[in-house]
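The values are calculated or read from the model by the stated rules, or taken from the named source; none is laboratory data. Remember, it's a predicted structure, so these values are computed and weren't measured experimentally. Because the Cβ atoms are built from the backbone with ideal geometry, glycine has one as well, and the counts that use them run over all protein chains shown.
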């Protein structure tokens, strides 16, 4: 999978605590069938072995559907399962260090909450940015929010793809029309939905429109 | 530092919660001055960024004294700071995977609680084994203990250096005389001592005797 051909339309961040299905594998497969175009595996509170085993299983699914798998935070897990890339926040390993460890071919995504973080991330070699939180959410209650004005500033300052994150759902996605963003990053709007496939389909369709 | 020339005599695992000094840097420097020959940096409950920043600072110290720095669990942190190696337990990344990520020149250490884990670790490319817990400790209250008989079995089955861990202190170290082990892995016996330097010096001297 070439990293400059990634479709960022509907970018799912997993969250075990929120999923409506019994297994993460099932949730991810349904999300992809519905139209999620990127999967970011996010695991906290587990051992490295568990993270690794989960990542291997999820990677089998994403490979089957030719959808990129991005590992949250843990570059070693990404390397261990030969994932498509890694996503780091501002309190993870610095993006430039991640790039030096993971090499040029893998995707490096970086969370940015303001213009200066966004610019720095691109300088450090980020392939895309996750900008947010756009809204306060239950998933990350301590998240700083980004205004539409700030998002505009970031969009005009950087060339890499931007996905917005934080409170993105069918009600809020219309607010991003004309903002020039490349995709919607979702957590609960898809993974907590009673019908994950339908939720993904609706959001991907609404965004493409 | 060539990995087959490592002196495993007194192998310190750090533990922020137990240290008698104000900073980890101070504890590590004193431990090395006293005679610790290997430092394993173990950080739980912190962000990847904090682990990375700490590892960089500790690595400056270990390099100054030409003592190897081993990172616990996190292969990415080891790569990020170019540490001398990584140590994995049975619930971390599999040793064979660690070896494939980190390359042949770095030290890979593996915790083993029995003969079969010890043999497997060596097959998977371990450069040394941490065998234990030899005694119940406050540091790891859920640790399985290894009997002296089991330690003997492991010693005769594998050729790599063995350090014993778990309840190793000035009272217990005499029990390992004639066991053919290569070093003592300590946590609280050194890092929680009022005089870290003296504690390290006494233990290293007693072991060499």
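Listed by first and then second residue, the pairs linking a residue in the stretch B:171-197 that is touching a residue at least 40 places away in the same chain (Cβ under 8 Å) to a residue that is in a helix (DSSP H, G or I) and loosely packed, with under 14 Cβ neighbours inside 10 Å, with Cβ atoms under 6 Å apart and 6 or more places separating them unless they lie on different chains, are B:197/B:33.
Quick one: which of A:125, A:130, A:109 is more than 14 Å from chain B (Cβ to nearest Cβ) and on the phi > 0 side of the Ramachandran plot? Unique residue meeting the criteria: A:125. Screening residue B:126 on (1) closer than 22 Å to residue B:5 by Cα; (2) outside any loop (DSSP other than H, G, I, E, B) shows it passes everything except condition (2). When only residues in the stretch B:31-47 that are in contact with a helix residue (DSSP H, G or I) (Cβ under 8 Å, 6 or more places away or on another chain) and in a strand (DSSP E or B) count, which is farthest from the other protein chains (Cβ to nearest Cβ)? Selected residue: B:39. Restricting attention to the stretch B:152-173 and to residues that are part of a helix (DSSP H, G or I) and under 18 Å from the mean Cα position of the chain (by Cα), the residue that is modelled with the lowest pLDDT turns out to be B:173.
In summary, residue A:13 fulfils each of the numbered conditions (1) surrounded by fewer than 20 Cβ atoms within 10 Å (Cβ to Cβ); (2) within 23 Å of residue A:146 (Cα to Cα) with the single exception of condition (1).
In the stretch B:66-76, the residue that is nearest to the chain's Cα centre (by Cα) out of those that are more than 14 Å from every other protein chain (Cβ to nearest Cβ) and surrounded by 15 or more Cβ atoms within 10 Å (Cβ to Cβ) is B:70.
Within the stretch B:156-168, being buried (at least 19 other Cβ atoms within 10 Å of the Cβ) and in contact with a helix residue (DSSP H, G or I) (Cβ under 9 Å, 6 or more places away or on another chain) holds for B:158, B:162, B:164, B:167, B:168. Filtering B:115, B:93, B:79 for residues that are free of Cβ contacts under 8 Å to residues at least 60 places away in the same chain and away from chain A (no Cβ under 12 Å) leaves a single hit, B:115.
Here residue A:28 does not fit the description of being surrounded by fewer than 23 Cβ atoms within 10 Å (Cβ to Cβ) and more than 14 Å from chain B (Cβ to nearest Cβ). Quick one: is residue B:50 without any contact (Cβ under 8 Å) to a residue 40 or more places away in the chain and either exposed (fewer than 15 other Cβ atoms within 10 Å of the Cβ) or within 13 Å of chain A (Cβ to nearest Cβ) (or both)? Yes.
Can you confirm whether residue B:21 is more than 14 Å from every other protein chain (Cβ to nearest Cβ), within 18 Å of residue B:197 (Cα to Cα), touching a residue at least 40 places away in the same chain (Cβ under 8 Å) and more than 17 Å from the chain's Cα centre (by Cα)? Spelling it out, residue B:21 is indeed more than 14 Å from every other protein chain (Cβ to nearest Cβ), within 18 Å of residue B:197 (Cα to Cα), touching a residue at least 40 places away in the same chain (Cβ under 8 Å) and more than 17 Å from the chain's Cα centre (by Cα). Which of the residues that make up the stretch B:85-99 are crowded, with 17+ Cβ neighbours inside 10 Å and part of a helix (DSSP H, G or I)? Listed by number, the residues that qualify are B:95, B:97, B:98, B:99. If you go through the stretch B:1-14 and keep only what is assigned to a loop (DSSP other than H, G, I, E, B) and modelled with pLDDT of 95 or more, you end up with B:6, B:7, B:8, B:9, B:14.
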